[in-house]
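Below is one structure; the comments refer to it alone.
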Amino acid sequence: MSDESVRLAVLESYGILDTPAEAAFDDLARLAAHICETPIALVSLVDETRQWFKARMGLEISQTSREIAFCAYAIEQTQLFLVPDALKDDRFARNPLVIHEPHIRFYAGMPLVTPEGAALGTLCVIDTVPRTLTSEQQSVLAALGRQVVDQLTLRRNLKQLAQAKAEAEQANAAKSEFLAMMSHEVRTPLNAIIGMTSLLLTDTTLRPAHREITETIRSGGESLLAIVNDILDFSKIEARRLEIEAQPFDLRQCLESALELLAPLATTKQLALVYFMDRMVPRVVVGDEVRLQQILVNLLSNAVKFTAHGQVVLTVNIGPHPKGGELSFSVCDTGIGIPPAQIGRLFQPFSQGDSSTTRQYGGTGLGLVICKRLSELMGGGIGVESTEALGSRFYFTILTPTIPQLDPSHPQLLGRRVLVVTDIIYQAALTYQLQVWGLTVTALTQNEEALRWLATEPTDLLMLDRLLPLQQPHPPVILGPLDGPPPATVAVTHILTKAFKLSQLYRVLVQLFSPDVGMPMPAVPDTLGDSLPLRVLVAEDNPVNQKVVLRLLARLGYQADLAANGHEVLAALDRQSYDVVLMDMQMPELDGLATTRQIRQIEGIQPWIIAMTANALKTNREACFAAGMNDYISKPVRLEGLYTVLSNTRQP
């Protein structure tokens, strides 16, 4: 290569000059000396002013001037450069390296030509007496020269790979930092929207029109939060930073919580939203409840969204697996379906079956790919079957180590005779579950059949989705959705919406047949401050968030003090003691982590510190505990979550 500037640039790209000795190059020089039977062998690299030896055998000096270097001549060609007797060669007869130490008389140098065509230096052998090389020695020396080039190239590639890895890790760290910042910035206003609307919805004096507006605002905030969570989850999955928990949880409660989130929309669209859970499926399983519910909510949400009429049915089964059991979930709908050509795009990031669905139905296109990754992380997989205009079935599996156990029935339900008069959508789900609970079920669809049955067969309970001309007396009645209130002549025990939960039905049945058994619905009481008196300090710099947290605390019966940064927290603790500090992570002057570390160095009674942050990454939670915090609540702060963390407070 004639362009010296290009050659020097290639040499520079290898990053080899002035580096410590390396065994790979020393071994090649030693082998060259042995094969060629010479006392000296060098791996020489020629830069703008010198020749520098990466490896040297039999020579003490590490470099020479380029002007006197034999290698400076060798790199001008691509073949082996031979000088049998330097004293008889006009180019080298008066060379200091010939006249003085090391008294070079014989030189053979193989140019080190890179894949770019640049000769960086030579692998050379030197002797102090005139001589030549056999053809075999020349061939081996050329081969060893190529090995030196390969080693140089490998070294450069590994260095570039390490640099690329470092840059990728740096970029990933910057990405994570950006996501944490974005999470904080977006969740902070969402905290105000969701928190304040939650407080408004607890006001029983709110007018219906105002309640509807408030519910719309709350729903919009929740939708925006779901989009933010999708983006963050996808980013964590791509960075392989999302970890799956393995804790026991109530599977039925998980299913019904997911259904409950979609029940209002399903009821509005008059869709049947039901689920089957095979009796062999254990009530308690081991896994990640939050991530399982995330998959269920996503699939159920899509099913309800894309279904205009009919039903959405969730079924759960279990099968054997070497690791315990394989839970199978299926979500079937009677919606718009998916054309075959578009099914392949469903599980690709930022993609939907049809671009028009984004405009008509909304969404990021991340939900299904997140479901796919989550199911795979939990040891299973996901798939879909669909017929355009008829509906779709999404199914997925996860692994659980739990051994199946039968779901116990309430003894008061065993043998009770129930007549179910409803359409075919409900019949299968109701009949199966009622039989699991130990009831004897008769399912009919025609009114005339039902009336004839009642006239001749003993019946303990009626479950209807319509009004029948019942004769008094008649068994207790559980009604499904009606267009208007039932007449006073019908003794209605309970009215269920189309999207009712099975646990809700179970409670009704137990109360009906065991009146002395009370099963109150869980609620957030407003008297926690009476049963668990606490002195609370809120550390929060955002004025809107301050209002939200203080009002939520007031709803629970607490009057809290306020600090806007870490210095104010320390000053407040110096004035008086607090049982609980709700500590925002990101505050000016002194943030929550640094403040907590300083608090933990103070002697005496320590407060219970609860981290309060809009950052959603797991590393933030770990950082909180490492700093000495006791618990963690993420923003947007909800009344239920605040109630839970305060209830878990342990006093000194």
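The values are calculated or read from the model by the stated rules, or taken from the named source; none is laboratory data. Being a predicted model, the structure only gives us computed values, none of them experimental. Here Cβ is always computed from backbone atoms with ideal geometry, including for glycine, and neighbour counts include all displayed protein chains. The protein model used for the area step is the full one, side chains on, heavy atoms only, and it has no ligands, DNA or RNA in it. Shrake-Rupley method; radii C 1.70, N 1.55, O 1.52, S 1.80 Å.
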Cα centroid separation - segment 587-602 against segment 87-149, whole Å: 68
Could I have the simple spin-label model distance between residue 27 and residue 93, label points 7 Å from Cα toward Cβ, reported in nm to one decimal? 4.4
Which sequence of 478, 35 reflects their accessible areas, 1.4 Å probe, from the largest down? 35, 478
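Around residue 15, under 14 Å between beta carbons, what's the net of Lys plus Arg minus Asp minus Glu among the other residues? Show your work: numbers first, answer last.
Values: positive: 54, 155, 156, 159; negative: 12, 18, 22, 47.
Its environment carries a net charge of 0.
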Could you pull out the pairs from 165/372; 165/635; 269/323; 305/372 whose alpha carbons sit more than 30 Å apart here? 165/635; 269/323
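Multiply the residue gap between residue 290 and residue 142 by 0.36 nm, knock off their C-alpha separation, and tell me the result in nm, one decimal place.
Numbers: separation 148, 0.36 × 148 = 53.28 nm, distance 6.41 nm.
Full-extension gain reported as 46.9 nm.
What's the local net charge at residue 561, with K and R +1, D and E -1, over the other residues with C-beta under 15 Å away?
Working: positive: 535, 547, 551, 575; negative: 540, 541, 568, 574, 579, 584.
Every neighbour counted, the sum reads -2.
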Under 18 Å Cα-Cα from residue 159, which aspartates and glutamates qualify once same-chain neighbours fewer than 8 residues away are excluded? 12, 18, 22, 116, 150, 167, 169
With segment 56-149 reduced to its Cα atoms and the Debye formula applied, log10 I(q)/I(0) at q = 0.12, 0.18, 0.23 1/Å amounts to -0.36, -0.82, -1.29
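R0 = 41 Å: FRET efficiency of residue 551 with residue 423, Cβ-based, nearest 0.05? Mind dumping the intermediate values first?
Details: r = 46 Å, r/R0 = 1.11.
Once the sixth-power term is evaluated, E becomes 0.35.
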Using a probe of 1.4 angstrom, how much of the accessible area of segment 131-171 is carbon and sulfur, in percent? 56
Pop the C-beta distance of residue 66 and residue 131 into the FRET formula with R0 = 30 Å and round what comes out to the nearest 0.05. 0.70
Gained length - residue 649 relative to residue 504, 0.36 nm times residue gap less alpha-carbon distance: 49.1 nm
Which distance in Å, rounded to a whole number, links the C-alpha centroids of segment 563-585 and segment 42-65? 66
Work out the length of the dipole vector of segment 239-349 about its Cα centre, built from +1 on the beta-carbon of each Lys and Arg and -1 on the beta-carbon of each Asp and Glu, and round it to the nearest 20 debye. 260
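Among the DSSP beta bridges whose two residues both lie in segment 237-328, what percent are antiparallel, rounded to the nearest 5?
Details: 9 of 15 bridges.
Once the DSSP bridges in segment 237-328 are tallied, antiparallel ones form about 60 percent.
What is the calculated FRET efficiency for residue 165 to residue 606, with r their C-beta to C-beta distance and R₀ = 35 Å, to the nearest 0.05? The partial results should precede the final answer.
Details: r = 42 Å, r/R0 = 1.21.
Approximately 0.25, to the nearest 0.05.
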